[in-house]
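See below for the structure under consideration.
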Amino acid sequence: MSKTKISIFNNVYSNTINGKSVTTEDSINVINPANEKVIASAPNATKKDLDEAVKAAKNAFKEWSRKPIEERGKYVSRLGEAIEEYQEEFMNLLTLEQGKPRPDAEWEVGGSVYWAKEIAKQRLKVEVIEETDDHIVEKHYTPLGVVGAITPWNFPILLSVWKIAPALMAGNTVVLKPSPYTPLCLLKLGEIANEILPKGVLNIVSGGNELGQWITEHPEVSKISFTGSSATGKKVMKSSASNLKRVTLELGGNDVAIVLPDVDPKAIAKELFWASFQNNAQFCVATKRLYVHEDIYDAVLHELVEFAKTVKVGSGSDPDTGIGPIQNQMQYERVIELIEDTKKIGAKFALGGQVKEKPGYFIPVSIVDNPPEESRVVTEEAFGPLLPVLKYSDYDEVIERANNSIYGLGGSVWGNDVEQAKDLAKRLDTGTVWVNEVHIFAPNYPFGGHKQSGIGIENAGLVEYTNSQIIMVNKKG
């Protein structure tokens, strides 16, 4: 594969359908968010292109699903090895199209390699429910068919591998639609996959929002795995009802962090900062509401602001950058709108709040000092570097405030009294809670949301991509 390395990572992008590179008449301009310049054109798939991709996946499913899982594991592991082989190229391209600085690109691409290799080791085991001398009841797991994967722009490679690897391991085939904002790395992954996987097993088609709707409505797609906003997730669920598709929806969050009064403000400031601003807060499980006990509120706020001043906001291509730009103009304008609303209600900014006019979707780290609980900066998911820090005095009170949200994705509790912190963690209405750590994931740590943060679980093995089948045998014939 190394012989084709230079030719694959050129500036020509095409869809992958049935093991071949397929161009389209129409295209989508891809913007570098650091300077707002067009860096490439990506295909804009038609309904016909999608139909061909689904047809190819359906045909490939017949043979792929019959391959022993050990053989499928070798293919998926090889895909991980290929991402690793092209790691440098992927990181550079990811920074160009997504905007994230080098450490974040390393985290994402390295994580993609790890996920693919580890999921390739997972197996589906037959469960014996009951067995007697003359009767046995077994639970088997069977593949669904064609999986439609729709992935977002904040972690385009990693969140795609989260879907591709378990879907293929379970015996399904995949049609994947990347975000139109960040399609480039995944289109190159499709080209690489053409050299590894049997044709039709993984198809990658780039397009706009209408392509996503076509996938969710397609009668030959058996499951949708979607990561994105809660508003779009509701539309996906509605469209998927056309043929009762299985759905996994990993949606928005307005995650809380609760800081207990026994912590050292200076020691914890760095962790709290990155809990909130990793990937420029374009992270479904970023801390978006930070509750600090009144006894240490002022000290924590001071230390958080002082640490934030040491982190450079700039182009991801600058090695000194800690936080890059917002990925796209729509999200940039959304964050600015929330900043302006925060000013309008008279809330105080402890840091930031002033956006400079210049090329690139840059917003300074902005920290709001104890805004009203009902304000938009508290109740809405900013998905950008805007953090409200809120004061509390009572544990029952802070839990009630934390749970007063339509979301329930993740959260964290920080305190030296670990048992007290753990007790509070159990009271949060969220799918994941970290205690004295945050953003720890693994291929075998189930991840999903409560309430309007999603349906289904990711990283729960391969079962989410299967149907269960009960087989009962009368041994006596």
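The values are calculated or read from the model by the stated rules, or taken from the named source; none is laboratory data. This one's a predicted model, so the numbers in the text were calculated from it and none came from an experiment. For neighbour counting, all protein chains shown are included, and Cβ atoms are generated from backbone atoms with ideal geometry for every residue, glycine included.
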Worksheet entry | Failed item in (1) modelled with pLDDT of 95 or more; (2) surrounded by 14 or more Cβ atoms within 10 Å (Cβ to Cβ); (3) among the hydrophobic types (A, V, I, L, M, F, W, C); (4) closer than 28 Å to residue 232 by Cα, with residue 435 passing the rest | (4)
Discussion item. Against the definition (in contact with a helix residue (DSSP H, G or I) (Cβ under 8 Å, 6 or more places away or on another chain), surrounded by fewer than 23 Cβ atoms within 10 Å (Cβ to Cβ) and either of a type in the set (A, V, I, L, M) or in a helix (DSSP H, G or I) (or both)), how does residue 71 come out, yes or no?
Written reply: no
Worksheet item: For residue 206, are the conditions met, namely being under 26 Å from residue 38 (Cβ atoms), surrounded by 16 or more Cβ atoms within 10 Å (Cβ to Cβ) and of a type outside the set (Phe, Trp, Tyr)?
Response: yes
Worksheet item: Within region 16-42, can you find the residues that are within 17 Å of residue 191 (Cα to Cα) and outside any strand (DSSP E or B)?
Response: 18, 19, 23, 24
Worksheet entry | Any chance residue 175 is in contact with a strand residue (DSSP E or B) (Cβ under 7 Å, 6 or more places away or on another chain), at negative phi and not in a helix (DSSP H, G or I) | yes
Discussion item. Considering only residues that are among the charged types (D, E, K, R) and either under 30 Å from residue 29 (Cα atoms) or part of a helix (DSSP H, G or I) (or both), which ones fall in region 329-379?
Written reply: 333, 334, 337, 340, 341, 343, 344, 356, 357, 358, 376
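One line per residue, one yes/no per condition, for (1) under 30 Å from residue 277 (Cβ atoms); (2) in the same structural domain as residue 58 (by TED's automatic domain parsing); (3) surrounded by fewer than 24 Cβ atoms within 10 Å (Cβ to Cβ):
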{"site": "116", "(1), (2), (3)": "yes, yes, no"}
{"site": "126", "(1), (2), (3)": "no, yes, yes"}
{"site": "131", "(1), (2), (3)": "no, yes, yes"}
{"site": "138", "(1), (2), (3)": "no, yes, yes"}
{"site": "146", "(1), (2), (3)": "no, yes, no"}
{"site": "157", "(1), (2), (3)": "yes, yes, no"}
{"site": "168", "(1), (2), (3)": "no, yes, no"}
{"site": "174", "(1), (2), (3)": "no, yes, no"}
{"site": "182", "(1), (2), (3)": "yes, yes, no"}
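When the residues of region 353-370 are narrowed to those that are small (Gly, Ala, Ser) and surrounded by fewer than 23 Cβ atoms within 10 Å (Cβ to Cβ), which ends up farthest from residue 273 (Cα to Cα)?
If we take residues in region 353-370 being small (Gly, Ala, Ser) and surrounded by fewer than 23 Cβ atoms within 10 Å (Cβ to Cβ), then 360 is farthest from residue 273 (Cα to Cα).
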Worksheet, complete the sentence: Within region 43-60, the residues that are surrounded by fewer than 19 Cβ atoms within 10 Å (Cβ to Cβ), outside any loop (DSSP other than H, G, I, E, B) and not acidic (Asp, Glu) are 47, 48, 55, 58, 59
Worksheet, complete the sentence: Counting only residues that are of a type in the set (Gly, Ala, Ser) and under 16 Å from residue 10 (Cβ atoms), region 28-51 contains a total of 3
Worksheet item: What about residue 223, is it closer than 25 Å to residue 105 by Cα, surrounded by 22 or more Cβ atoms within 10 Å (Cβ to Cβ) and touching a Leu at 6+ places or on another chain (Cβ under 8 Å)?
Response: no
Worksheet item: So, in region 457-477, of the ones that are of a type in the set (Val, Ile, Thr) and in contact with a Phe, Trp or Tyr (Cβ under 7 Å, 6 or more places away or on another chain), which residue ends up surrounded by the most Cβ atoms within 10 Å (Cβ to Cβ)?
Response: 466
Worksheet item: Of the residues that sit in region 329-352 and are surrounded by 16 or more Cβ atoms within 10 Å (Cβ to Cβ) and of a type in the set (Gly, Ala, Ser), which one is nearest to residue 373 (Cα to Cα)?
Response: 347
Item to complete: Could you list, in sequence order, all residues of region 246-292 that are crowded, with 24+ Cβ neighbours inside 10 Å and more than 25 Å from the chain's Cα centre (by Cα)?
Response: 259, 292
